Amino acid sequence: MQTIWLGGAEWLAVLRIGLGLWWLESWRHKDKKTWFKGGGITWAAGVAAKHRWPVVRRGFDRLVKPRPRAMAYLVAYAELALGLGLVAGLLTPVALIAGAVLNLIYLVLMIHDWAEQGQNLMMALISVTALAAMSWQSWSLDHAFGLFV
């Protein structure tokens, strides 16, 4: 593989780190005071209530809606953990799979809002690419510790 400036493994690390920074930005821009009181989940409940797929409405009503504060913490801290894990390259395959799953959940919930879908699709695509290319081979704690070789 020929590349400019960096080698292929380093460019994949750049992609992984960039995805991690994107997750950290998702964490950073949340209004934590409102979010942790369940504000984000309340907003999502309104989206789910109008969803075109009954399975999404039922799933949201059974799993998320009864626990708005717990789910708010889960979502926010999942985004933080994903960002930190990808930037540091720690447990990278786990973070990439979890991130792709979270993006797909967001994608399914917001299926009718195409403005949101570009971000979720791109993040999921980067996750799959970084996973398949083993992006933890360079500039990562996983590589330093000999994990996932």
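The values are calculated or read from the model by the stated rules, or taken from the named source; none is laboratory data. Fair warning: this is a prediction, and the values are worked out from it, not measured in the lab. The area values use the complete protein model at the heavy-atom level, side chains included, leaving out ligands, DNA and RNA. Shrake-Rupley method; radii C 1.70, N 1.55, O 1.52, S 1.80 Å.
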Return the tail of the calculated pair distribution for the stretch 40-133, meaning the percent of Cα-Cα pairs more than 22 Å apart.
33 percent
Report P(r) for the stretch 37-90: all Cα-Cα distances, bin width 10 Å, range 0 to the bin holding the largest distance, values in whole percent.
25, 40, 24, 10
W43 - accessible surface, heavy atoms, 1.4 Å probe, Å² rounded to 10
150 Å²
Probe 1.4 Å, accessible area per residue of the stretch 15-149, Å²
56 Å²
Using θ = phi - 60° and the Karplus form 6.51 cos²θ - 1.76 cosθ + 1.60, what ³J(HN,Hα) does each residue of the stretch 36-41 get, whole Hz, x for Gly and Pro?
6, 8, x, x, x, 6
Rounded to whole angstrom, the alpha-carbon centroid of the stretch 78-135 lies from that of the stretch 1-50 at a distance of 7 Å
Suppose a student asked you for the relative contact order of the stretch 1-126, using Cα pairs under 8 Å spaced at least 6 residues apart; what percent would you report?
30 percent
From most to least accessible, 1.4 Å probe, no ligand or DNA/RNA atoms counted, K32, K37 line up as K37, K32
Each residue of the stretch 76-85 in turn: what ³J(HN,Hα) in whole Hz from Karplus with 6.51, -1.76, 1.60 and θ = phi - 60°, glycine and Pro shown as x?
5, 6, 5, 5, 5, 5, 4, x, 5, x
In terms of solvent-accessible area of protein heavy atoms at a 1.4 angstrom probe, what is the ranking of L147, L19, highest value first?
L147, L19
Sort M122, M1 from largest to smallest accessible area, using a 1.4 Å probe on the heavy atoms of the protein chains.
M1, M122
Over the stretch 62-149, what is the relative contact order in whole percent, taking alpha-carbon pairs under 8 Å and six or more residues apart?
29 percent
How large, in percent, is the carbon and sulfur part of the accessible surface of the stretch 1-119 at a probe radius of 1.4 Å?
69 percent
